[in-house]
Amino acid sequence: MNRLRTSMLAMVIILVGCQSVANYQANLQAWVGQSEQNLEASWGSPSSITLSGDFRLISYIQNDGAYVQGGYWAGGVMPLYCTTTFTIQNDIVIQAQFVGNECQSY
């Protein structure tokens, strides 16, 4: 019974983690079709802007430090970050994507 309870708890934790990343993706997709001006009014000044032909890539970088795994002596360090990039064409968001392990919405 204890093993079943542990397995159920692990499954719930995994599902909650997936939902928060899925929510983040859904929140980003809501920006597609919005103006660059509205995006910057909500998100603030971008961390970087890259020009690529007719496109502007606007990136927001979030660094939340690091997580030490396995203890002080035998552990490894995992940086916690999220980089979100919006592709802009003619002042309209046409794509939103992210990479990182701290990209979550609730």
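Computed quantities for the displayed model
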{"item": "Long-range amide H partners of Ser105 with built H, under 5 Å", "result": "Val21, Asn23, Tyr24"}
{"item": "Amide H contacts under 5 Å for Leu80, placed H, 5+ residues apart", "result": "Asp64, Gly65, Ala66, Tyr67"}
{"item": "Amide proton proximity set for Gln95, modelled H, under 5 Å, gap of 5+", "result": "Thr87"}
{"item": "Relative contact order of segment 35-106, pairs being alpha-carbon contacts under 8 Å that are 6 or more residues apart, as %", "result": "27"}
{"item": "Mean Cβ neighbour count within 10 Å, used as a protection proxy, ranking 41-52, 20-31 highest first", "result": "20-31, 41-52"}
{"item": "Spin-label pair Val32/Val99, simplified geometry with 7 Å Cα→Cβ offset, distance in nm", "result": "2.0"}
{"item": "Most to least packed among 76-82, 58-64 [average Cβ atoms within 10 Å]", "result": "58-64, 76-82"}
{"item": "Karplus 3J(HN,Hα) series, Hz, for segment 59-64 with 6.51 cos²θ - 1.76 cosθ + 1.60 (x for Gly, Pro)", "result": "10, 10, 10, 10, 10, 10"}
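Rule-based calculations on the coordinates, nothing more; no lab input. Everything numeric here is computed off the predicted structure, so don't read it as measured data. Using ideal geometry, Cβ is built from the backbone for each residue, glycine included, and neighbour counts are taken over all protein chains shown.
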